[in-house]
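S.K.: I'd like to ask you about the structure that follows.
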Amino acid sequence: MVTTVDDTKRKAIAMKLADMKAVQELIISNEQEFISATTDSEIAKRFQEMLKDDQKNLGILDTVIVQYGVPSEPKQTISEFVSKMDQMMSGSELTMYEKVFQHELMKHQQVMTGITIHKAAQRVGADIEAAITPLNTVNFENRAHQEQLKGVLETLGVRELTGMDADQGLWSRVQDAVAALSGVAGSVVTQASGKSDMNIQDVIRMDHQKVNVLFAEIKGTQDQMKRKEFFTQLASDLRAHAIAENEIAYPAVRGKYAESDLQELYDEQNSWFPALEAMEKMDMMSDQFMSALNKLMDEIMDHVRQEESTFFAALRDNFSSSELENLATQFKARKSEVQKAAAK
């Protein structure tokens with residue numbers, strides 16, 4: 001039987017993700033400050049590379065939060081921490097070494113929060129684990145950044161104490177450690193560092209995978225509360241997905257995709273809304289509900305097959321990589337708006 005969580009625990013995980021995003025934004029601000037403040041070209045280069053990764057990872061966190069589908073604000077203590085640290089990092093009370101030291105601690109905080117969320121997802125439900133899979137990229141890259149920051153700290157610390165440079169063999173040791181981490185990460189890294197965001201096909205495909213998992217979880221439990229929880233999440237995900245596709249993804253291909261096929265996608269998706277409303281009023285342990293669920297699942301799987309074949313081909317053939325990434329950003333933003341409105 002699938003293990004699941006109640007709404008309170010789902011919201012707790014959502015808050016942890018919001019915490020990670022707030023700290024990630026502070027990390028980006030820090031690195032921008034460090035690049036401006038240092039006159040060491042090697043250290044500046046390190047921070048420029050980290051900044052590029054961290055800006056991309058902010059996009060990944062946005063993806064995870066939208067895929068998870070439970071909007072939240074950061075914990076008040078995290079918001080206060082971010083505000084206080086931002087003031088300290090932009091002020092003159094701390095030396096460069098002390099600022100980078102605090103930055104490394106924040107990287108460690110991100111690593112541990114990300115790992116904790118990932119481990120929790122493994123325990124509480126396949127739909128949650130499917131939603132947070134891209135978090136692997138953020139976790140491993142933050143761990144690699146920690147190794148690089150050790151090198152920066154050693155260099156800055158020795159200079160502050162002696163006025164001289166540290167052992168020049170340092171950077172090779174750091175790079176060996178980073179290479180080892182990259183080797184471990186390997187297959188779990190879901191996004192190349194050269195991309196600013198996932199493309200629209202990646203994001204839509206993740207939606208399809210999560211919905212498929214939720215159907216399996218609904219059908220796999222005989223616990224009434226769990227079935228209601230899973231269906232509530234399914235209905236929320238389908239509504240947000242459909243609205244974002246209707247307003248962002250489908251209009252983008254108009255004139256580049258057969259109009260009859262495009263209208264079919266619109267019509268199929270729009271039919272889900274009354275079906276979901278009717279199912280929400282049913283006894284979810286009844287044969288009537290399960291019959292309606294199987295019918296909806298068959299319709300959605302047919303819809304998915306069309307999207308992932310001809311619709312994805314139209315996207316791939318008519319848009320550049322950067323355009324597809326921009327569409328993904330717009331798609332996620334619209335889904336997030338729908339999710340937040342539904343949560344009020």
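Readers should treat all values here as calculations from the given coordinates under stated rules, not as data from a laboratory. Every value quoted in this text rests on a predicted model; they were computed, and no experiment measured them. Here the Cβ positions follow ideal geometry from the backbone for every residue, glycine too, while neighbour counts run over all protein chains shown.
S.K.: Are any of the pairs K56/K335; K256/K340; K45/K107; K119/K226 more than 25 Å apart by Cα-Cα distance, and if so, which? Please report the intermediate quantities before stating the final value.
M.R.: Numbers: K56/K335 19 Å; K256/K340 32 Å; K45/K107 18 Å; K119/K226 20 Å.
Going by Cα-Cα distance, K256/K340 fall outside the 25 Å limit.
S.K.: Here's something else I'd like to know. Would you mind checking K75/K295; K150/K332; K21/K228; K281/K332 for any pair whose Cα atoms are more than 31 angstrom apart?
M.R.: On the way: K75/K295 41 Å; K150/K332 35 Å; K21/K228 29 Å; K281/K332 29 Å.
Going by Cα-Cα distance, K75/K295; K150/K332 fall outside the 31 Å limit.
S.K.: Between A22, Q109, G163, whose Cα lies farthest towards the positive end of the dipole of the chain when Lys and Arg beta carbons carry +1 and Asp and Glu beta carbons carry -1, centred on the Cα centre?
M.R.: Of the options given, the answer is Q109.
S.K.: Also, I was wondering about something else. Restricting attention to the alpha-carbon atoms of the range 73-140, what are Rg (one decimal) and Dmax (integer), both in Å?
M.R.: 15.4, 47
S.K.: Further question: Report, in degrees rounded to the nearest 10, the 0 to 90 angle that the Cα long axis of helix 96-124 makes with the longest principal axis of the chain.
M.R.: Its long axis makes an angle of about 30 degrees.
S.K.: Using only the Cα atoms of the range 215-301, what do you get for the radius of gyration and for Dmax, in Å?
M.R.: 14.8, 47
S.K.: Please compute the Kirkwood hydrodynamic radius over the range 6-50, one decimal place, Å, based on all pairs of different Cα atoms.
M.R.: Values: mean 1/r = 0.0812 Å⁻¹.
Value: 12.3 Å, from the Cα pair sum.
S.K.: Right, another one. Along the principal axes of its C-alpha atoms, what lengths does the range 250-344 span, in descending order and rounded to whole Å?
M.R.: 48, 33, 17 Å, listed from the longest principal axis down.
S.K.: Something else now. Over the Cα atoms of the chain, compute the convex hull volume and normalise it per residue, giving Å³.
M.R.: Value for the chain: 141 Å³ per residue.
S.K.: For the chain, what does the relative contact order come out to in percent, with C-alpha contacts under 8 Å and a separation of six or more?
M.R.: Details: 345 pairs, mean separation 73.0, N = 344.
It rounds to 21 percent for the chain.
S.K.: Follow-up question, since we're still on this one. Which residue, Q76, Q110, Q146, has the most motion in a Gaussian network model of the chain that connects Cα atoms within less than 10 Å?
M.R.: Q76
S.K.: Report the charge-dipole magnitude of the chain in Debye, nearest 20, computed about the Cα centre from +1 at each Lys and Arg Cβ and -1 at each Asp and Glu Cβ. Don't jump to the answer; show the numbers that get you there.
M.R.: Values: 38 positive and 54 negative charges, 130 e Å.
So the dipole magnitude of the chain works out to roughly 620 debye.
S.K.: While we're here: Y257's amide H: which non-local residues (gap 5+, or another chain) put their own amide H closer than 5 Å, with H modeled 1.01 Å from N in plane and none for Pro or chain starts?
M.R.: Sorted by chain and number, the residues that satisfy this come to none at all.
S.K.: Write down the radius of gyration of the range 104-153 and its Dmax, each obtained from C-alpha positions, in Å.
M.R.: Taking only Cα atoms of the range 104-153, I get Rg and Dmax of 12.4, 40 Å.
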